[in-house]
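The values are calculated or read from the model by the stated rules, or taken from the named source; none is laboratory data. The model shown is predicted, which means the values in this text are computed figures rather than measured ones. Here the Cβ is made from the backbone with ideal geometry for all residues, glycine too, and neighbour counts use every protein chain on show. We work out accessible area using only protein heavy atoms, side chains counted, and drop any ligands, DNA or RNA first. Shrake-Rupley method; radii C 1.70, N 1.55, O 1.52, S 1.80 Å.
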Amino acid sequence: MAAVCVSTSSTPTTDVADAPGTQLRVGRLTKAHGLKGAIKLELYTDDPERRFVPGAVFSLQVPKDSPWHGKHLTLREVRWYNGQPVGFFEGVDDRTAAETLLKAILWVDQVDDEDPEDDAWYDHQLIGLAVLRDGVRIGEVVHVEHLPAQDLLIVRVDHERPGGRDVMVPFVSAIVPEVDLAAGTLTVTPPAGLFEELAESGSADDEASPAGDGDAAAE
C-alpha cells in the first residue's frame, strides 16, 4: 500500500472549527484567483467529486488570530482552470476576502457508513506502528502533525538507554513507501541524515572511552 501526502484524523489539529465527529482533511486553500473571491485548491482527497460539491461545509484549520478562526466555509462551486481546481465560497466575494483564507486547511465530517478513501489512514491507525528501515525496527510513530504544507509523522527512535529522540518524518510516498496496518508496521526510506544519529550514537560512546585505559592495558 503506497503512502500519500495525507492522513485522516479522528482528533484534528487544534484551531479547527468545532466538530464533534471524526473529520477528514481534504484540502488546502493556496492562492487567490482573480478578483471575485476564488481560491486555488490543493486537494488531499482521491474523491474530489464527493468532497467538493455545492453546499459542502468545511471546518477550517487556521491560526487563532485569523478572522476565520472557529468558523466554517460553505462551497458554492468548483471550477477547473488548466487542470487546477479553484473554489468559490459563500461570503468570500472579492480578492481581499480570499487572501484572508490562504493556507487554511479544509476538513469535513466523516459519515460513519461511507466507504473509506484509498491510501488514507486515521491518526489513531498510524500511532503505535513500528517504523522499519531496511527491514529493521528503528522506532515507533507517536504522533501525527498536520501542517499547511504536509503531514509529519513524529517517530520516537528506539534507544537501549532510557529516554529517546523524536524525529519528524514527512508523510510522503518517497519517504514512507508502505503502511501495513495488518502487520502493524510502517516502512521508511529516509534521505541521508534524517536518522543518522542512530548509528553515530553508538560510535560516539566507543570513542568517548578514556585514553588511559588503553595505556594501562599495554603496560
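Please verify whether Asp119 is buried (at least 16 other Cβ atoms within 10 Å of the Cβ), at pLDDT below 90 and under 27 Å from Thr30 (Cα atoms), treating the condition exactly as stated.
Answer is no for this residue.
Looking at the range 1-50, which of its residues are at pLDDT below 50, in contact with a helix residue (DSSP H, G or I) (Cβ under 7 Å, 6 or more places away or on another chain) and small (Gly, Ala, Ser)?
Ser9, Ser10
With (1) surrounded by fewer than 15 Cβ atoms within 10 Å (Cβ to Cβ); (2) part of a loop (DSSP other than H, G, I, E, B); (3) at pLDDT below 85 as the list, and Leu194 as the residue in question, which single condition is left unmet?
So Leu194 meets the others, but not (1).
Quick check, is Val53 open to solvent by less than 70 Å² (accessible area, probe 1.4 Å) and in contact with a Leu (Cβ under 8 Å, 6 or more places away or on another chain)?
Taking the combined requirement at face value, the residue satisfies it.
Scan the range 84-99 residue by residue and report those that are open to solvent by less than 60 Å² (accessible area, probe 1.4 Å), of a type outside the set (A, V, I, L, M, F, W, C) and part of a loop (DSSP other than H, G, I, E, B).
Selection gives Gly91 alone.
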